[in-house]
1. Report the local net charge at residue 52: Lys and Arg +1, Asp and Glu -1, summed over other residues whose C-beta lies under 9 Å from its C-beta.
2. Explain nothing, just the number: relative contact order of the range 30-241, from Cα pairs under 8 Å at least 6 residues apart, as a whole percent.
3. Between residue 168 and residue 94, what is the FRET efficiency for a Förster distance of 41 Å, r being their Cβ-Cβ separation, to the nearest 0.05?
4. Under 20 Å from a label point 7 Å along Cα→Cβ of residue 142: give me every residue in the range 41-64 with its amide N that close.
5. Would you mind calculating the gained length between residue 175 and residue 134 on full extension (0.36 nm times residue separation, minus the Cα-Cα distance), in nm to one decimal?
6. For residue 102 and residue 229 in one chain, what is 0.36 nm times their gap in residues minus the Cα-Cα distance, to one decimal in nm?
7. Please list, by residue number, everything in the range 201-242 whose backbone N is under 12 Å from a paramagnetic label point 7 Å out along Cα→Cβ of residue 189.
8. Go through 44/219; 73/117; 44/183; 96/117 and tell me which ones have a Cα-Cα distance over 20 Å in this structure.
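Values in this text are rule-based calculations from the coordinates and carry no lab data. It should be emphasised that the depicted structure is a prediction, and the values quoted were computed from it without experimental measurement. All Cβ positions, even for glycine, are placed from backbone atoms using ideal geometry, and neighbour counts span all protein chains on display.
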Amino acid sequence: MYKWNNKMLTYILFISLLVMVWGNSTTVAKDQLDIVTIAEHLEKEENVSIEEWSVFAREVNNEIATKEEFERKVHTLKQKYPDFQWSFFDEDDAWKAEATFSHESHLTESIRMVTTKEHANIVTYIIYEVKGYKWDKGYPHFLITTLEHRMNGIFMDTPSVFACMEGYISDNMNSALPAQMEKLLQRFNASEIEGVEDENFVSTSAHSTLFTQSLKNTKINMQLGLRTDGLGARTSFVIGTPIITFEY
């Protein structure tokens, strides 16, 4: 993972916290997944290399209130997905279950369940993620045929869904970061809403006409981050809808 400036990290975590509090109105059923749209537009740039991507779905469930109910839900998931490798963690303040499945095509799926006490209430987070490296032409078909099936099997309601992609930009012209950011915004038909800029990084929250989901009560439906190690160095990028979810 790339190491980002503390200001940028703070900014991203702040926006992420808003999503944790507010949620968002993402649905899976639409013409094209955000991650596919991001990849298609990045691939139009000859100097861009995609290194990692992720589709991340999360549901907050208030119906699982006991350890027995937690174990029952986990048992149901194990029966549905026997090919996944499961692990369990019983802690004083939380019950946790994790499962992973690695594909030959360098894709990894994971399911996580965490039940914990928050403000005197029992809350369960159910998370599904599919992650890949580089970008293969077969991935859109896999995501279309698999993702919605997984969502329907794992979640009790409609989850919040996030897409994130990162990689490198090789700029022979050694363009300044703001210029590279402006080029990316144009590529995604996006306009900046707010941002943070420093000598070696730029982070922008924007609205793009390509994506329909957004943060609640805002027009923000896309985040972009750029970082360079200095003049002549390649630029690392990260793009997320509606926010960046990768950890740095």
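1. Residues near residue 52 contribute 0 overall.
2. 22
3. The calculated FRET efficiency here is 0.65.
4. 41-43, 49-58
5. Details: separation 41, 0.36 × 41 = 14.76 nm, distance 2.42 nm.
The span from residue 175 to residue 134 would gain 12.3 nm if fully extended.
6. Working: separation 127, 0.36 × 127 = 45.72 nm, distance 3.30 nm.
Full extension from residue 102 to residue 229 adds 42.4 nm.
7. Answer for the range 201-242: 208-212.
8. Working: 44/219 26 Å; 73/117 18 Å; 44/183 12 Å; 96/117 12 Å.
From the list (44/219; 73/117; 44/183; 96/117), the Cα-Cα distance tops 20 Å for 44/219.
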